[in-house]
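One structure below.
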Amino acid sequence: MDSTFVPAPAPHIADYIVIAIFLCVCIGIGVYYGYQTNKNPTLENYFFGNRRLRVLPVTMSIFVTFVSAISVMGLPAEIYEFGIRAIYGGVAHVLSLFIANITVVPLLYPLKLTSTYEYLQLRYNSKGVRLMGMAIGMLHTVIYMGITLYAPASALEIVAGIPIWVSIVIFGFICTIYTTIGGIKSVVWTDAFQCVIMFIGIMAVLIKGTILIGPSHSIFRIANEGRRLEFSNFDPDPRIRYSNWSLWIGYVFMFLPNWCNQASVQRFSSLRSLKSAYLAFWLLCPVCLIFYAVIGYLGIIVYSYYNVLKCDPLQGGFISNINQLIPYFVLDVMRSLPGFSGVFISCLLSGTLSTFSSGINALAANTVEDILGDCVKDTKILSKTLVAKLFVVLYGLAVIGLAYAINFMPGSVIQTTGIVFGACGGPLAGLFYLGGMTTKANWIGALAGSVTAFVFNIWIIVGAQLYGNSPLYLKFNPTSQCLPDNRTVTVGHLSAYIYNSTIATTSYDTTGDFSQSTDTLITSDEGFFLYDVSFLWYAFIGFFLTLIVGIVVSLCTGGDRGKVVEACLIFPVCRKLFRLKLDFTYQLTETENKSTPGQTTVSHENKDRGTSVL
C-alpha cells in the first residue's frame, strides 16, 4: 500500500487533543491522591505513602523514572548512527538490578531512612560524608531532570513548531503541580499510567512503520547491509564508543548509581516488606529486556525507512540534530492516523514527567531531612509537610530554568546523560559500596575517594569536550532523493513528498558516503588518550577510583581505629566474610499487624549516634 510521507509535518488537531487529555489525567491523579494525603498530612505519608504501596505500580514507577524520554528518543537515534550494539544496555541494566538486589536493597530497606544519605552518616560517623554524598546525588538528579525535560521540548520545537520555552514551562509546571499536591502516591500512580502510555505509543509506531515499509523491502536485510546489525566488537580499546566491553561492563556502572539514588530508594522503601522490594527489582528485569528489544527494533525500522526513501533527514537538512530524528519519524509515519502522533508525543512526555516528578519529590526529601533537619522538625510556624511542598515547587522551578540552559549543550541526549551519570553517579555509588563492602573504610578515605573521583571525571569530561576527537559514525543513508524542488517521489511501497528544507545550510554528498565505520579509531597523535575514552566508561572510572583511593587513604589514616561497624551497615553478602552479626540495636524483627503484615523493621534507638567528626 502507498503511504504519504511529509517532511517536518505539523501535528493534527487530534494530536493536541490527545496530549491535553493525557496531561489532564496526570493532574487528576495528583489531585485525587492529594486529597487522600491531606487526610494524614505527615512526612511519612507524603514521601513514602506510609510505606504501604503496592509492588506493581512501584515497579512501573522505578522503570519510567530511569527509562525516560532520553531513552525513547536517544537510543533509536544512537542505533541509527552507530548500530544495534546499543541494545546491550538492556543486559547491563539487568546486571545492575541483580547487583542492587543483593547489596543496596537488603541494606537500605530495613533501615527505614527518610534520606538515602543518612546511611553515609551512620556508616562513616560523619556529617561531612553525608553532605558530600547528598551534594553529588542532588547535582546528579537536578541535571538529569533538566536533560529529561529539555529532550522532548527540543524535538517538539522543530517538528511541531512549539517554542522550546513554552514546552518546558508547560510540562514542568503541570508536573510540579501534581507532585506538590499528591506526594509519592501521585508520583507512583501517575508513573504507572505513563508507563502504559509509553509502551502503547512505541508499539503503535513500530506497527505502522513496519506496515509502511511493506513486504517488498526486508527491514533486517537493509539494516545488515548498512552495518546496523553488527552485534559483536570485542576490541578492548576504551575509545570505541560502543564495544561489547563498554556496554557489558561500563554500562553496568552507569546504571548502578540509580539504585543508590534517593528517587529509587524512596520507592522501594515505600513498599510493605523487604520481600516486596526484592520482587519489584526482579520484575524490572524482564520489563527492561523487553523495552530494549523494542527500542532496538524501532532504531532499525527508522534506518530502513529512510534508506528506502533515499533521503537521510539529518544530512538532507530536514532536522538540525539527531535528537529530533524519532519525533520527526513518528510524525511522518503517523500522518494518516490523526491522534496517534499525539499518543507517541504523550509517550515521550510520560518518560519526562515521571523522571521530573520523581526527582523533585526526592530533592525535597533530601532538603527537609539532610539540610534543614531538626530546624523543620522543631518548627511550630509551618508544618513539615507544607515545607516539603514548598521545596517541591522551588525545585520544579529551578529545573525548568536549567532545562532551558541545557539548550546550549552539544551532543546527543544519550551522551549527555552518560556524562552526567559518569561524573556524579560513579563517585556516588562508590561511596555506598565503599561503606557497604568493607569495615576498614573511614570518613577520611570516603571524602578523599569521592572528591578525587569527582574531580578526575570532571577533568576528563571537560578535556573531552574541548580537545577530544569526534566519534566516527557508520555510513549514513543516501540523500539522492532529497530533491531541490518540491515533487513526489515513489520508492517501492512508499510515496514521499520531499523538498529542500530551509534548515540546511551546507551541501551534502548525494551518495550518502559521509563517514567511516565506528570500528575505525582516529589515530591522531595530537589528542590525549583519556579525552577520547567512551562516555560509557566514566561511571566505571569514578566508581573504582572512589573505592581504590578510599581504601588506601583509610588504611593510611588508621582504618576503623578499633571501632566496631554495625552489621546492619554492611551489605548482607559481606557480613559472613567479616563474621558480623546484627546487634540488639538494629536487630531485624518481623512484626505482624493488620495494617502491615509481615513487614520487616529496624529499631532506631541510636540512629542519631552518627555524629559529625568534622
Next item on the list: Hey, could you check the stretch 565-579 for residues that are more than 32 Å from the chain's Cα centre (by Cα) and in contact (Cβ under 8 Å) with a residue 40 or more places away in the chain and say which is nearest to Pro110 (Cα to Cα)?
Entry: Glu566
Margin query: So in the stretch 545-594, with the set limited to residues that are assigned to a loop (DSSP other than H, G, I, E, B), among the hydrophobic types (A, V, I, L, M, F, W, C) and at pLDDT below 90, which one is surrounded by the fewest Cβ atoms within 10 Å (Cβ to Cβ)?
Written below: Phe584
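Before we move on, is Asn261 touching a Ser or Thr at 6+ places or on another chain (Cβ under 8 Å), surrounded by fewer than 18 Cβ atoms within 10 Å (Cβ to Cβ) and closer than 28 Å to Ile102 by Cβ?
It is false that Asn261 is touching a Ser or Thr at 6+ places or on another chain (Cβ under 8 Å), surrounded by fewer than 18 Cβ atoms within 10 Å (Cβ to Cβ) and closer than 28 Å to Ile102 by Cβ.
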Check: Any residue in the stretch 299-311 that is in contact with a Pro (Cβ under 6 Å, 6 or more places away or on another chain), surrounded by fewer than 24 Cβ atoms within 10 Å (Cβ to Cβ), closer than 30 Å to Phe329 by Cα and not β-branched (Val, Ile, Thr)?
Finding: yes
Next item on the list: Find all pairs meeting these conditions: Cβ atoms under 7 angstrom apart; at least six residues apart or on different chains; first residue within the stretch 461-489 and within 26 Å of Gly425 (Cβ to Cβ) and aromatic (Phe, Trp, Tyr); second residue at pLDDT 80 or above and surrounded by 15 or more Cβ atoms within 10 Å (Cβ to Cβ).
Entry: Tyr467/Tyr531
Note to self: So Ala464 passes all but one of these: (1) part of a helix (DSSP H, G or I); (2) touching a Phe, Trp or Tyr at 6+ places or on another chain (Cβ under 6 Å); (3) within 24 Å of Tyr124 (Cα to Cα). Which condition number does it fail?
What the structure shows: (3)
Note to self: Just checking, does the stretch 112-120 include any residue being out of contact with any Gly (no Cβ under 7 Å at 6 or more places or on another chain), over 26 Å from Cys568 (Cβ atoms) and touching a residue at least 24 places away in the same chain (Cβ under 8 Å)?
What the structure shows: no
Check: Do you know which residues across the stretch 62-92 are at pLDDT below 85, under 13 Å from Leu284 (Cα atoms) and in contact with a Ser or Thr (Cβ under 6 Å, 6 or more places away or on another chain)?
Finding: Val64, Thr65
Checklist line | Subset of the stretch 260-287 [under 24 Å from Arg85 (Cα atoms) and within 16 Å of the chain's Cα centre (by Cα)] | finding: Leu284, Cys285, Val287
Next item on the list: List the number of the failed condition for Ile99; all other conditions in (1) closer than 24 Å to Ser534 by Cβ; (2) surrounded by fewer than 24 Cβ atoms within 10 Å (Cβ to Cβ); (3) of a type outside the set (Phe, Trp, Tyr); (4) modelled with pLDDT under 90 hold.
Entry: (4)
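Identify, please: which residue in the stretch 177-202 is among the hydrophobic types (A, V, I, L, M, F, W, C) and more than 21 Å from the chain's Cα centre (by Cα) and is, among those, nearest to Thr355 (Cα to Cα)?
So, considering only residues that are among the hydrophobic types (A, V, I, L, M, F, W, C) and more than 21 Å from the chain's Cα centre (by Cα), the one nearest to Thr355 (Cα to Cα) is Ile177.
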Checklist line | Check on Ser246, among the polar types (S, T, N, Q) and either surrounded by fewer than 24 Cβ atoms within 10 Å (Cβ to Cβ) or more than 21 Å from Ala92 (Cα to Cα) (or both) | finding: no
Notebook entry, point to check: Somewhere in the stretch 152-173, is a residue surrounded by 23 or more Cβ atoms within 10 Å (Cβ to Cβ) and farther than 26 Å from Leu331 by Cα?
Noted result: no
Checklist line | Filtered residues of the stretch 427-443 (kept if crowded, with 21+ Cβ neighbours inside 10 Å, of a type in the set (A, V, I, L, M, F, W, C) and either part of a helix (DSSP H, G or I) or free of Cβ contacts under 8 Å to residues at least 40 places away in the same chain (or both)) | finding: Leu428, Ala429, Leu431, Phe432, Leu434, Trp443
Notebook entry, point to check: Only one of (1) touching a helix residue (DSSP H, G or I) at 6+ places or on another chain (Cβ under 6 Å); (2) touching a residue at least 12 places away in the same chain (Cβ under 8 Å) is not met by Glu157, so which one is it?
Noted result: (2)
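Can you confirm whether Glu44 is assigned to a helix (DSSP H, G or I) and within 26 Å of Leu372 (Cα to Cα)? Show your work before the answer.
Numbers: assigned to a helix (DSSP H, G or I): yes; within 26 Å of Leu372 (Cα to Cα): yes.
Yes: the conditions hold for Glu44.
Here's the yes/no breakdown for (1) free of Cβ contacts under 8 Å to residues at least 40 places away in the same chain; (2) of a type in the set (A, V, I, L, M); (3) closer than 21 Å to Arg228 by Cβ:
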site	(1), (2), (3)
Val72	no, yes, yes
Val104	no, yes, no
Pro110	no, no, no
Leu131	no, yes, no
Ile136	no, yes, no
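Residue check: is Tyr328 in contact with a strand residue (DSSP E or B) (Cβ under 9 Å, 6 or more places away or on another chain) and under 12 Å from Tyr80 (Cβ atoms)?
Here the answer is no, as Tyr328 does not meet what is asked.
The values are calculated or read from the model by the stated rules, or taken from the named source; none is laboratory data. Bear in mind the structure is a predicted one, so any value in this text is a computation, not a measurement. All Cβ positions, even for glycine, are placed from backbone atoms using ideal geometry, and neighbour counts span all protein chains on display.
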